[in-house]
Amino acid sequence: MTNKELISSIIEKLDYIKPESIPEIDLYMDQVTTFMDSNLKDSKRYNADKILTKTMINNYAKNNLLPPPLKKKYSKEHILVLIFIYYLKNILTINDIQTLLEPLTSKYFTASDGLTLEEIYQTVFQLEQQQVIWLEKDVLRKFEKAKQTFTEEEDEEKEFLQTFSFIAMLALDVYVKKQMIERMIDELNEKKPAHATKKK
């Protein structure tokens, strides 16, 4: 597989769990972990990696990222929150995720009228689908730029150095965006009411 094919194959796997595929009935913890693993298995780096475990779910609840289950059962809203956590935990701390999710879970988790958590989830993840073509073009542009570096080196060294250049460009992109996200989360924390900050 060439690097271009690799990039395309990764981009093609950028999908999300559609709300309609989430069971309407409440699930026990084992059913939740099975559902998440079967739907997100393509995102695992190694086969032995775990998408979600009982310990993770318990820790999320303990850190107020996830509302407690009702009679040991988890609703569709619980699963939506767990999907958000799954993607966010790769780049953000537990505290940062809590800052982002607390307003969602407190206002929309059990919403009976108006905007629902499911509608928020659907809107946010549909944005991802709209960005896929642009994202693939941007990554391929960086790849082509990296191929223009170290062209005078021997083949083996050239390949490594060009790969390093490509990774460095991708890493810078991730770093800058992570810094932006953290700054915005800091601003959210600053805007919190004083009593909410003390409670935390």
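Values as computed for the structure displayed
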read-out	value
Residue among I97, I79, I57 that is under 22 Å from E182 (Cβ atoms) and surrounded by 15 or more Cβ atoms within 10 Å (Cβ to Cβ)	I97
The stretch 100-149, subset aromatic (F, W, Y) and open to solvent by less than 60 Å² (accessible area, probe 1.4 Å), residue farthest from the chain's Cα centre (by Cα)	F143
Identity of the residue in the stretch 60-76, assigned to a loop (DSSP other than H, G, I, E, B) and of a type outside the set (A, V, I, L, M, F, W, C), that ends up most open to solvent (accessible area, probe 1.4 Å)	K71
Sole exception among (1) under 28 Å from A111 (Cα atoms); (2) in contact with an Asp or Glu (Cβ under 8 Å, 6 or more places away or on another chain); (3) outside any helix (DSSP H, G or I) for P23, by number	(2)
Selection status of I51, under 17 Å from the mean Cα position of the chain (by Cα) and under 20 Å from E182 (Cα atoms)	no
Out of P19, P23, sole residue that is under 19 Å from the mean Cα position of the chain (by Cα), of a type outside the set (A, V, I, L, M) and surrounded by 10 or more Cβ atoms within 10 Å (Cβ to Cβ)	P19
Count of the stretch 26-43 residues which are open to solvent by less than 50 Å² (accessible area, probe 1.4 Å) and either among the basic types (K, R) or assigned to a helix (DSSP H, G or I) (or both)	6
Pairs, first over 15 Å from M56 (Cα atoms) in the stretch 23-41, second surrounded by 13 or more Cβ atoms within 10 Å (Cβ to Cβ) and of a type in the set (G, A, S), C-beta under 7 Å, six or more apart	D26/S75
The stretch 26-40, residues that are more than 14 Å from the chain's Cα centre (by Cα) and farther than 21 Å from T116 by Cβ	Y28, M29, D30, Q31, T33, T34, D37, S38
Selection status of F84, of a type outside the set (S, T, N, Q), part of a helix (DSSP H, G or I) and in contact (Cβ under 8 Å) with a residue 60 or more places away in the chain	no
Check on E159, exposed (fewer than 12 other Cβ atoms within 10 Å of the Cβ), closer than 30 Å to E5 by Cβ and modelled with pLDDT of 90 or more	no
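The values are calculated or read from the model by the stated rules, or taken from the named source; none is laboratory data. Source: prediction; values computed, not measured. All Cβ positions, glycine included, derive from the backbone under ideal geometry; neighbour counts span all protein chains shown. Remember, those area values only see protein heavy atoms, side chains included, never the ligands or the DNA or RNA. Shrake-Rupley method; radii C 1.70, N 1.55, O 1.52, S 1.80 Å.
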